[in-house]
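**Q** Quick one: the structure is below, and I'll ask about it shortly.
Rule-based calculations on the coordinates, nothing more; no lab input. Since the model is a prediction, treat every value here as computed from it, not as a measurement. Here the Cβ positions follow ideal geometry from the backbone for every residue, glycine too, while neighbour counts run over all protein chains shown.
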Amino acid sequence: MRDKRDGIDSVTARVLDGTAVAAQIRAEVAPAVAAFTARVGRPPGLGLVLVGDDPASGIYVRGKLRSAGEAGLRADVERMPESTTLEQLLGVVDRLNRSEAHDGILVQSPLPASMGPDAERTVFDVIRPDKDVDGFHPVNVGRLVQNRAALVACTPLGVMELLVRSNIRIAGARAVVIGRSDIVGKPMALLLLHRDATVTICHSKTAELPRIAAEADILVAAIGRPGFVTREFVKPGGTVIDVGTTPVRDRETVTRLYGPGSRRLEVFDRRGSVVLGDVHPEVADIAGALSPVPGGVGPLTIALLLRNTLTAAHGVMVAGSEATSAIAARFGDAVLAADGSVDRAVLGRVVFADAGARRDLESIVHPAVHRSIVAGLRAFELLGEYAWAVVAVPLLFETSRATDYDRVIVTTCAPALQRKRLMARGLTAEAAEQRMSAQLPTAEKVARADFVIFTDGSFEETDRQIDAVVAALSSDL
């Protein structure tokens, strides 16, 4: 039963509890984060960027920071003033792209209007695709179109989790998505399509919108207009997902939707605002299942952000990726960790003892790594202001990729120190020796390099060498 003070005497719709489903996902993520931290020696890291002083954005970012900390992730926030220029923001994104401590990057929307109408798209384009935990980079969107994305926009992915875990039939269902944004509407339609729903996207120019929406077995509202979807939009017994989260500061709107004396109006009177969804409360009388606002999709968005950060931390060998599937097919499921990603320690014991197995692994992993690097370099090209970029390429000479780059920098140290560093990362002495022997001899790499940086000494000495290489590249390229 719905409280009569919300303007409706009874509720026929089953409430789809996003808070409960989000708790399930968090419970699944936490041990996987702990396992990653134990295996790698650091937690997965998330870099958040908040520009300006939008109150709602501040609340969202605080919630993400709190949730990340509770899950065992590292989360850092870069707070920038309203006066920040787009160039300054891109500089912060560039630094996070290069950070080894941050596996995922999220720039909170909206950005200040002073940055221009295309600022968000520009920022999304320059975030490294493998760190794009929002799933907005063109590379990740393209992979989603082909149904092979590892990083998908958190809100539509959360909707899918809610549907699946609530046992809502998707395959064969007629689905209508109201809203065509790049952030929710379009990826939502693709995800439903990939689960064999017949999908229609509606928008502000759609003729006979209520009639089309009322044909849907699954109706997703994502337009940011409080109470827009009324009972005439809904098929009796259908499932309605409300993605809207609009802060409303107009008492008259709350009264019109929920009636005088309602709980929502009480909340409004206490706080001066209330968050409302796109679905009118009367829809609860006709729908078969309905996600509430709050407590529906919102908690799932944050839970999926945590999972996406873990996914990004695993890199190309994440659970469900093409590389991971190929590795499992070649070496067996025994090389997979409990979360479905590749257990690098177990795999290492297999491949470093067998030259043939190692070649097989390289033929799987290195093309995937190269594609990721190429995508990152394309993102730098979009910035248009960098003359050159430095990327870390594993086994560059061994995989015959050196000719793909204009200059090659080799970092090296004494074999004893290299062995010690590998063992500090969790490898046994034997595994460290096997990994070193699988690489080209250091002397040969040094001979083939354009620049060499020796890391045996102090951090200050290493920095001096780096500065010298940067100066040489700046004058040469």
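**Q** How big is the range 164-306 in terms of Cα radius of gyration and Dmax, in angstroms?
**A** Considering the range 164-306 through its Cα atoms, Rg and Dmax are 15.1, 45 Å.
**Q** Using C-alpha positions alone, give me the convex hull volume of the range 19-110 per residue in cubic angstrom. Don't skip to the end; give the middle numbers.
**A** On the way: hull volume 7.9 nm³, N = 92.
Looking at the range 19-110, the number lands at 86 Å³ per residue.
**Q** Which aspartates and glutamates have a Cα less than 17 Å from the Cα of residue 420, not counting those fewer than 8 places away in the same chain?
**A** 430, 433, 456
**Q** As an exercise, use a Förster radius of 56 Å and the Cβ-Cβ distance of residue 167 and residue 417 to find the FRET efficiency, rounded to the nearest 0.05.
**A** Calculated value: 0.50.
**Q** A further question follows. Checking the cross-link filter: which lysines have an alpha carbon closer than 27 Å to that of residue 235, excluding same-chain neighbours under 8 positions apart?
**A** Hits, sequence-local ones excluded: 4, 186, 205.
**Q** Calculate, for residue 461 and residue 273, the FRET efficiency according to 1/(1 + (r/R0)^6) with r their C-beta to C-beta distance and R0 51 Å; round to the nearest 0.05.
**A** Values: r = 56 Å, r/R0 = 1.10.
So, using R0 = 51 Å, E works out to roughly 0.35.
**Q** Next question. Excluding residue 213 itself, what net charge comes from residues whose Cβ is under 12 Å from its Cβ, given Lys and Arg +1 and Asp and Glu -1?
**A** Details: positive: 174, 211, 231, 235; negative: 208, 215, 217, 232, 278.
Charge balance in the 12 Å sphere: -1.
**Q** Please give, to one decimal in nm, the separation of the simple spin-label points placed at residue 19 and residue 256, each 7 Å out from Cα toward the Cβ.
**A** Placing both labels 7 Å beyond Cα along the Cβ direction yields 2.9 nm.
**Q** Any idea what the relative contact order of the range 18-132 is, in percent, if you count C-alpha pairs under 8 Å spaced at least 6 apart? Each step should come with its number before you reach the end.
**A** Numbers: 140 pairs, mean separation 33.3, N = 115.
About 29 percent, as a whole number.
**Q** Could you work out how far apart the two model spin labels at residue 407 and residue 88 are, taking each label as a point 7 Å from the Cα in the direction of the beta carbon, and quote it in nm?
**A** Computed distance between label sites residue 407 and residue 88 equals 3.0 nm.
**Q** Out of residues 5 or more away from residue 248 or on other chains, whose amide H comes under 5 Å of its own, with H placed 1.01 Å from N in the peptide plane?
**A** Placed amide hydrogens put 274, 275, 276 under 5 Å from residue 248.
**Q** May I ask for the distance between the Cα centers of the range 271-293 and the range 210-247, given as a whole number of Å?
**A** Using only Cα atoms to place each centre, the spacing works out to 10 Å.
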